[in-house]
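Notes to accompany the following structure.
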Amino acid sequence: MIAITGLSVHFTGEYLFDNISLAVSARDRIGLVGKNGAGKSTLLKILAGEVVAEKGHVVTPNLYTIGYLPQDIASNFTKSVHEEALAAFSEVLTMEHRIAEISHELTIRTDYESDAYSALLEEMTELNDRFINEGGMTIEAEAQKILQGLGFLEHEMEKPASQFSGGWQMRIELAKLLLKKPNCILLDEPTNHLDIESIRWLEKFLAEYDGCVILVSHDRAFLDAVTNRTIEIRNAALEDYPASYSRYTVMREERMALQKSAYDNQQKEIKKQEQFIERFRSKANLATRVQSRIKQLDKIERIELEEDDVSAIRLRFPPVPRSGQTVVETHNLEKSYNDKRIFANINFALERGERVAFVGKNGEGKTTLAKILAQTEEQTSGEVKIGHNVQIGYYAQHQAESLDGNATVFEIIDRAATGEMRTKIRSLLGAFLFSGDSVEKKVKVLSGGEKSRLALAKLMLEPVNLLILDEPTNHLDMRSKDALKDALSQYEGALIVVSHDREFLTGLTQKVVEFRGGILREFVGDVQEFIRQRDIESLRELERKTVVQQSSTKPKTVQSEQKSPQVKDKKQNIKKLSEIEKSIETVEKTIVELEQQLSLPEIYSQPTKTKELQQRHSDEKSMLDSLYLQWEELSKEH
């Protein structure tokens with residue numbers, strides 16, 4: 001368990017956190033959310049002990065371990081991928097080395113009756129017991145399992161880790177962290193360097209992890225799959241919700257609505273009292289009652305509405321020039337880097353207005369093909385044909401980092417703008433939340449999200465009919481992602497998006513192109529249809545393996561063993577359905593009773609009571625949603 005009490009942090013003259021407190025339990029799965037710059041990464045660094053708060057304390061039990069993976073790392077790997085992962089077991093490896101030393105010494109010594117020989121035997125026995133208890137016999141298998149889950153192929157395990165890109169090196173660091181099995185895992189944007197398959201593997205791993213997990217992510221689907229608690233950092237304070245991200249957004253709206261209702265009711269009551277006071281202030285025979293009302297008004301704890309940050313980028317792409325029917329096509333395209341072939345014989349075509357998602361493991365060539373199509377990189381062989389009147393807009397994966405750090409926000413756009421756009425620079429920057437003094441900020445002091453917004457603003461300077469976006473959502477907060485998705489949904493040109501963000505891709509594209517083993521495979525439909533098809537393929541592979549295994553055993557026995565549990569499970573489902581229906585009835589009744597109490601104006605003169613009722617109302621609604629989900633699942637099975 002982690003206990004945070006009275007934490008305060010100043011940043012650029014303002015409070016990032018102001019006297020916040022938080023308790024984290026052993027099995028919590030917490031998603032930290034909030035706009036860019038709210039302090040999510042800072043809070044993780046404080047918990048990891050990398051930053052010290054000005055005030056307050058972070059308390060953990062003795063021997064409590066915390067593992068932290070920041071957004072960016074500077075690795076200095078000198079060993080193979082497999083050896084670097086095994087470094088997570090440094091203590092176990094030290095024991096193994098000492099066991100080998102003692103074993104060797106015992107084979108060459110002949111003083112079997114001496115105290116020294118007995119001491120070595122005793123040490124050997126103790127070390128062997130510890131080695132087994134701490135999983136020494138399985139570390140090789142565990143390391144391989146986690147590395148494969150994060151996307152490393154078997155033949156890559158013995159390659160030098162230093163030869164891999166920064167994204168893959170980040171995966172090695174993540175593997176080491178997971179292998180250490182700390183009591184609490186802190187992850188800052190872990191999905192930025194993962195592909196869809198690795199993200200889904202990590203979701204399952206974290207969901208089953210025997211410890212607490214606190215993570216920062218702008219991937220809604222990932223948050224929903226992993227978390228059971230959402231903490232919003234807002235106005236230097238924390239708002240705690242016992243739910244995953246999607247449910248949190250609903251609960252937050254409900255809480256704000258209840259707070260607004262309570263505020264309105266209280267304001268009506270205050271106005272009523274003030275009118276009485278004003279009307280009868282001069283009546284001598286009512287002076288006592290007037291004074292009593294004045295005292296009542298003074299004692300009321302005023303409800304204050306929270307300021308809701310509604311700022312979001314206002315993104316609309318310029319009108320699209322008309323292009324030819326075929327926007328871009330390739331013939332027998334090949335790309336190699338030195339001796340490493342990325343892909344070969346690629347024949348790809350994109351029609352006017354077509355929208356395609358590039359997905360697949362990192363290193364399979366998604367970004368490489370995007371660069372070739374955007375004409376920022378040359379192919380090794382083959383042909384790329386750009387269609388008639390095609391104008392390309394390209395957002396590179398690390399485009400935000402390539403901006404001139406010593407230039408100001410205004411200068412970045414001013415240098416790139418031409419013609420009529422030069423008169424609209426401030427309006428364009430304002431649409432991307434850069435206004436007032438912020439346009440004079442140096443790029444090097446901007447947050448990751450601010451740099452990404454600036455790079456997107458730069459993309460808006462010219463009308464284009466082919467947009468190629470490589471991981472455009474990295475570092476963008478939820479609202480900025482929503483604005484970008486909304487704008488892309490209305491964009492009328494051809495679109496290629498390289499992304500691992502399932503929620504962002506859902507409903508945005510009509511086709512998915514998967515990069516796997518140097519081959520491109522096309523799936524008609526959006527990313528959710530692609531995932532369903534890939535799951536079916538995986539299940540078929542599993543079924544084929546199962547059939548092979550069963551054919552070498554006794555199928556009749558297996559079938560008869562399976563029949564009885566199915567009947568038993570069906571009866572249990574019927575019983576559980578009945579129990580859930582009764583629970584739904586009880587919870588619905590409780591919600592009605594709470595809403596009746598909350599509708600009474602006098603309840604808002606007791607703020608503590610009001611808050612308690614509102615929290616109970618929110619909790620009961622969450623419980624009802626959960627019960628309905630359980631009921632739906634069991635109904636399908638029944």
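The values are calculated or read from the model by the stated rules, or taken from the named source; none is laboratory data. Because the structure is predicted, anything quoted here is derived from the model rather than measured. When we count neighbours, we look across all protein chains shown, and the Cβ atoms used for this are built from the backbone with ideal geometry, even at glycine. Surface areas here come from the heavy atoms of the whole protein model, side chains and all, with no ligands, DNA or RNA. Shrake-Rupley method; radii C 1.70, N 1.55, O 1.52, S 1.80 Å.
Some observations on this one:
- Any hit, the range 494-515, residues being open to solvent by 50 Å² or more (accessible area, probe 1.4 Å), in contact with a strand residue (DSSP E or B) (Cβ under 9 Å, 6 or more places away or on another chain) and of a type outside the set (D, E, K, R): yes
- Summed over the range 253-290, the residues that are assigned to a helix (DSSP H, G or I), of a type in the set (Gly, Ala, Ser) and modelled with pLDDT under 80 give a count of 2.
- Hits in the range 14-42 (condition: closer than 22 Å to LYS451 by Cβ and without any contact (Cβ under 8 Å) to a residue 40 or more places away in the chain): THR42
- As a summary of the residue check, VAL52 satisfies the conditions (1) open to solvent by 60 Å² or more (accessible area, probe 1.4 Å); (2) aliphatic (A, V, I, L, M); (3) within 29 Å of the chain's Cα centre (by Cα); (4) more than 30 Å from ASP18 (Cα to Cα) except for the one numbered (4).
- When the residues of the range 212-235 are filtered to those that are under 14 Å from GLY39 (Cβ atoms) and open to solvent by 20 Å² or more (accessible area, probe 1.4 Å), the one that is modelled with the highest pLDDT is ARG234.
- A Cβ distance below 8 Å, combined with a sequence gap of six or more or placement on separate chains, defines the contacts here; from the range 43-71, residues that are within 19 Å of ALA237 (Cα to Cα) and without any contact (Cβ under 8 Å) to a residue 60 or more places away in the chain reach residues that are open to solvent by less than 30 Å² (accessible area, probe 1.4 Å) and part of a loop (DSSP other than H, G, I, E, B) in the pairs ILE46/ALA53.
- Any chance THR42 is assigned to a helix (DSSP H, G or I) and open to solvent by less than 70 Å² (accessible area, probe 1.4 Å): yes
- Candidate set: the range 70-85, residues that are more than 15 Å from LEU147 (Cα to Cα) and aliphatic (A, V, I, L, M); chosen: the one farthest from the chain's Cα centre (by Cα): ALA74
- Helices (runs of 4 or more DSSP H) (entirely within the range 99-206) containing at least 3 residues that are among the charged types (D, E, K, R) and open to solvent by 40 Å² or more (accessible area, probe 1.4 Å): 115-133, 139-149
- Counted residues, the range 395-412 - those being closer than 19 Å to LYS366 by Cα and assigned to a loop (DSSP other than H, G, I, E, B): 4
- Qualifying positions in the range 55-76 - under 27 Å from HIS398 (Cα atoms) and open to solvent by 100 Å² or more (accessible area, probe 1.4 Å): ASP72, ALA74, ASN76
- In the range 378-401, the residues that are without any contact (Cβ under 8 Å) to a residue 12 or more places away in the chain and touching a helix residue (DSSP H, G or I) at 6+ places or on another chain (Cβ under 9 Å): GLU378
- Restricting attention to the range 230-252, the residues being among the aromatic types (Phe, Trp, Tyr) and not in a helix (DSSP H, G or I) number 1.
- Taking first residues from the range 246-257 that are without any contact (Cβ under 8 Å) to a residue 60 or more places away in the chain and partners that are buried (at least 17 other Cβ atoms within 10 Å of the Cβ), the Cβ contacts under 6 Å between residues at least 6 apart in sequence or on separate chains come to SER246/ASP224.
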